Structures are given as structure tokens and as C-alpha cells.
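See below for the structure under consideration.
The values are calculated or read from the model by the stated rules, or taken from the named source; none is laboratory data. Fair warning: this is a prediction, and the values are worked out from it, not measured in the lab. Cβ placement follows ideal geometry from the backbone for every residue including glycine, while neighbour counts extend to all protein chains displayed.
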Amino acid sequence: MASLTEDSATADVDQGGVRRRDFINVAAASFAGVGAVSVALPLINQMNPSADVLAEASTEVDVSAIQPGQSIKTMFRKQPLFVRHLTPAEIASAEAVSLSDLRDPQSLEERTKPGKSQWLVTMGVCTHLGCVPLGASSGEVKGEFGGYFCPCHGSSYDTAARIRKGPAPKNLEVPPYEFTSDTVIKVG
Amino acid sequence: MSFPWAKEYKPSNPFMRYMDEKLPLPRFVYNAIGAGYPVPRNLNYFWNFGVLAGVALVCQLVTGIILAMHFAAESGVAFSSVEHIMRDVNGGWFLRYAHANGASMFFIVVYIHIFRGLFYGSYKPPREMVWHLGLVIFLLMMATAFMGYVLPWGQMSFWGAKVITGLFGAIPLVGTPIQTWLLGGFAPDNAALNRFFSLHYLLPFVILGVIVLHIWALHIPGSSNPTGVEVKDEQDTVPFHPYYTAKDGVGVAAFFLVFATLLFFAPNFLGEPDNYIPANPLATPANIVPEWYFWPFYAILRAFTVDFWFIPAKLLGVLAMFASILLLFFLPWLDTSAVRSGHYRPLFRKFFWFGLGPCIAILGYCGGSHATDGVVLVSQIAAAYYFAHFLIILPLVSRIETPKPLPTSITEAVLAKSGASLQPAE
């Protein structure tokens, strides 16, 4: 009954089955839709890291006290960061590996700064499920490839912190960093 | 809905008659869980577990709302505030232990409830929607339990949050931004703790809403029963009240007996001692394990150790873990047998008790153990069986099995069991 009255009321503006009211409906729904999306954006974006979290996104590390063969564990973006002073033997063993044998092929040069290949700076976050691998503090097991060993599911990393054995898919991540002087690095 | 013989709500009290006119809430309750809801007369004690799950949810809501009055969701003090609840708040130890063990009780009864549905074919038409809504409740429960476990900010809380949000990091391309977005940082910290607290408070009420839908959808065809034969006439049913309110009362008493035993004599039996160590982002616990109710899924996650084609092992594990639950949504169409109840399906029953049951028990054991090569191998076999059971065995069994003859009615089945002969109709 209602539709009949409506049809007769709008019959004179029919154009190929499209009524003027259809335009108003579509326009109103679109306007409301765009409005809803633009309000939803800040509601979603508030979940991203806040300014104070991002402000902590860079760290300076003084590496002058780290002797060859030693490494330190510090924090970068609230996550462990490993800074390791490689011995010549460790550099040699990392360079001796053929890239085709690696799961995530990268050379030691690609993972360190030019002329500073003795400084290996990586995140201390296993690329499998995010555990902290062992091997950065003295006395910890370094695994069968002499780098790092993750106790959670047995991933072994070599002296360039590249994945060699176990479930982890990637090498330990090298964060963006630079040497601000010979003994200070700025991470992030 | 209801059966035509369902009793109508006829309040004699004038105030209740007035209420019925203005807001028929008592009528709604009467038709849902009162004498106005006719239920098959042959339900066994496995049919108690839906009500028990509701009781467990109410326990969690009450203890949880009170705990929130004393808890501080700030990463610097969260751990201390939980210890403050344990040591200083009057009866705080009771509330916290009741909440932590209440979660375990909730999962125990829900798992039995799900297994009841799997054995008696409750997921089959016309009750698919009931099954689907139940799975939605289960997924919401898992999310709620996970976020609640993060709140005490102990070692397992922290590393659990890291591993579980790390699952999203396995998604190609957008994984890491999603993980950062979920955490509000690059690792679990204050932002993550606060949002988990907010959502942990919200989701139980969402669960409550979906439970209303679950029961609403159930009451359209009415409850299933152990024979799987549909209700035919009035003599097949009894009113929910007083028959099943009484039977559920027995179940609720037994539930609280088990709950109290756990709560007062072994409150930390199901917990991880590592969670009494404050969260430390620089030291991983020797063995990261989730709470027991996630063990089977955790075992499936860890069962994938080699890349397949171009898909990394980590992503495969994550996909398999989610698929293990999502595939249950397709169960009404995977099991095509017209017979519901496992009692009348000889082959289905064998695979259920000797296949699926042990498979999930083994997965649970593996998920809680340290991931040695042996454990991983066993979980691989069990995970393979789990998927084969639902995707291959169940459809095949439905086709080749000859079911046992069904009773013509619920009443016939009941009387045959008690040795009485069926009264001639009318």
C-alpha cells in the first residue's frame, strides 16, 4: 500500500527506474560513510606507538670498553640490543661461509659498517618467536656456530648473527645505526 | 518459538500481570529457562555444561570487576599491585585465586561442552547457528584469557604477549606494522598493558551478548538430546523448570566442589611459577608456555619446522593454529551423516574415542612440554591426525558407515532403557 502511493507520487520523475529519491539516499549514505571512516581513522591510529614511545626510538652506545671477543646487552626501543666486538678469528669464520649455504643469505660486510666489520650490532630478538638469544653475556652458551643460541626452540646463529640451524626464518635484525665517533654508535 | 504444548506464562499476582503488560521480562525468562521451555526428557549430565559455563562466566565477572578495583594497569606497578591484592587487600588472595582458577574452570566446562557437541552431533542442522555462535564465544574466550594473563606483568605475561603478538608478525608484508599497532610500541610495554586491560574488561560483556544469541538460536529448534532423534510430541519433553533446573543444580554443586578443591588446596597447580617473577624484557624464561587451555593449539603452532614452497615455517604454524579452530565452523558440512548421536554411529564413535580424543590429549601434552625433537615429531603426527580427522576421516565415515537403527522416538528410547514397554499411542 505504502509503496503504491510512493510509486504514484514519484512516477513523473522516473527515468529508467531511477528516482530522484534514490540519488538522495545514495548521497546521504555516502556522506555518512565518509564521515564514519574519517572518524574511525583516529580511533584506529591511537593504537600506534605514541610520541613518547617513538621519542625513545634512538639510543647512543659507548663501545670503547668492549674488548675483542666481548659483547654487551643494552636496550633499543625497549628491546634487547647486542653489540659485539668480533675477534679476527670470528670475522674469518663468518667470511669463510658460502652465501649459498645460508637460509637468509647476507655477508658480514652487508651486516656491518664499512671498515668496522669487527662491530656487530644486532637486535637481541630471535626471529622465530621473539625470545632473547643467549651468547651476549659472558658464560652463556653461544651455540654450535659460535654466535648466539636461542634457548626457546634451539635456533643457532653464527658469528655474523646469521641463522644457521633451528626454526628461525631470518638473521638477527641489524637495526639502523651509525658511528657518531670511533667509539660511539647511535642506534635508530 | 516453542513447541505447541509449551506452557504459557500466566501470572496470578496482579503486580506480575502489570509487569507482563509493560515489560514482559518475566515472560521472557519463563520461556527461556522456566516451565515455558519444553526440553527432551532424556538429557544426560553432559547437557549440564552449558549452564555450568554460564555459572563460570558469572564467577569471572564478579571476581574480575572486584579485582579491577585494586589492580593498576601501569607497567611499573602492575606486578606490585597484584602482589598488593594477594597480601594486603582483605580477601584479595581469595578473589585473585578464584579469578585465575575460575578461568581454568571456565575452559574445562567449555571444552566438555564442545566435546558433548562433537560426540552427539549437536552441530548438525537445524542447530548450525548454535554451533557457530558457540565457536565465536570460544574465540572471544581465548582472546579474553590471553589478555587477562598479560595483566599481572610477570615473566610469562610479558613473554606470552610477545610470542602471541609475534604470531601476527608472521603475516607477510604487513605483519610487523600490525604487531607494532597491536602493542602500541616495539615490544610489550605500558601501552599494550593498558589496552589489554581495557579489552579484558570489555570482552566478557561481549561474550555475555553472544551467549544470549547462542541461547536464542538454540531455543528455535529446541535442545538436542543423547539419541539425536528430534522431539515428536509432548511425551518426549518435560518443562525446563523444575526438571532441569533441579538437574543443573546438582551439576552446579559438583562444579563448585571441584572449583573449591582447586582454589583452596592447589591454587597454583595450573599456573606457571615463572609468572611470579616480574617482567624482564632482557631475559627470556627457559620455557615459554601458555596456560594449559592453549597447549593443544601451541603444539600445532610449534609443529611446523620446515618451510614449504615459499611459505616460511613460522607462517605455516600460525596459519595451522588458526585453521585448527576455523575448520570447526565447517563441521556441519564436513560430517554429512544424517544420524546425529555418536551412540548410533559405530565407526564414528571409534574414531572419536580412539582417534580425536587421544590426538588432542597428546597435542595438549606436547604443547606444555619443552620443544625437544621428539616432542615436535609427536606433535607433528598428532597435528596431522587432527586435520585428517575433520577433513578426511569424518566425511569418509559419513559416507561408508552403516548407522545402528534409531529409536522411533525419544520416549521409546527412554522406556526401552528402563525395561518398560511402550504405551500404545493415545
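Some values worked out for this structure:
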item: Residues of the range B:298-326 satisfying the condition of being more than 14 Å from chain A (Cβ to nearest Cβ) and closer than 25 Å to B:GLY102 by Cβ; result: B:ILE325
item: Yes/no for B:ALA413 being at pLDDT below 95, among the small types (Gly, Ala, Ser), part of a helix (DSSP H, G or I) and within 18 Å of B:SER224 (Cα to Cα); result: yes
item: Pairs with Cβ under 6 Å, 6+ apart, first in the range B:372-399 and assigned by TED's automatic domain parsing to the domain that holds B:PRO332, second in a loop (DSSP other than H, G, I, E, B) and loosely packed, with under 13 Cβ neighbours inside 10 Å; result: B:SER398/B:THR336
item: Count of the range A:71-96 residues which are of a type outside the set (D, E, K, R), farther than 15 Å from A:LEU172 by Cβ and not in a strand (DSSP E or B); result: 7
item: Identity of the residue in the range B:235-288, in a loop (DSSP other than H, G, I, E, B) and of a type in the set (S, T, N, Q), that ends up farthest from the chain's Cα centre (by Cα); result: B:ASN280
item: All positions within the range B:120-149 that are in contact with a Ser or Thr (Cβ under 8 Å, 6 or more places away or on another chain) and within 21 Å of B:PHE297 (Cβ to Cβ); result: B:TRP131, B:TYR149
item: Of the criteria (1) at pLDDT 90 or above; (2) not assigned by TED's automatic domain parsing to the domain that holds B:PRO239, which one B:PHE3 fails; result: (1)
item: Residue satisfying condition, being of a type in the set (A, V, I, L, M), at pLDDT below 95 and part of a helix (DSSP H, G or I), within set B:LEU193, B:LEU182, B:LEU213; result: B:LEU182
item: Yes/no for B:PHE329 being under 28 Å from B:ILE108 (Cβ atoms), more than 12 Å from chain A (Cβ to nearest Cβ) and either touching a His at 6+ places or on another chain (Cβ under 7 Å) or modelled with pLDDT under 85 (or both); result: yes
item: Single unsatisfied condition, B:TYR386 versus (1) within 25 Å of B:ASN287 (Cβ to Cβ); (2) surrounded by fewer than 17 Cβ atoms within 10 Å (Cβ to Cβ); (3) of a type in the set (Phe, Trp, Tyr); result: (2)
item: Output for the range B:257-297, where each listed residue is of a type in the set (A, V, I, L, M), farther than 24 Å from B:ALA383 by Cβ, in contact (Cβ under 8 Å) with a residue 60 or more places away in the chain and more than 13 Å from chain A (Cβ to nearest Cβ); result: B:VAL258, B:LEU262, B:LEU263, B:ILE277
item: Unique match (being closer than 14 Å to B:PRO296 by Cα, β-branched (Val, Ile, Thr) and surrounded by fewer than 17 Cβ atoms within 10 Å (Cβ to Cβ)) among B:ILE360, B:ILE381, B:ILE392; result: B:ILE381
item: Subset of the range B:1-30 [assigned to a helix (DSSP H, G or I) and either within 25 Å of the chain's Cα centre (by Cα) or over 30 Å from B:VAL110 (Cα atoms) (or both)]; result: B:PRO14, B:PHE15, B:MET16, B:ARG17, B:TYR18, B:MET19, B:ASP20, B:GLU21, B:LYS22, B:VAL29
item: B:PRO188 being within 11 Å of another protein chain (Cβ to nearest Cβ) and either surrounded by fewer than 20 Cβ atoms within 10 Å (Cβ to Cβ) or outside any helix (DSSP H, G or I) (or both); result: yes
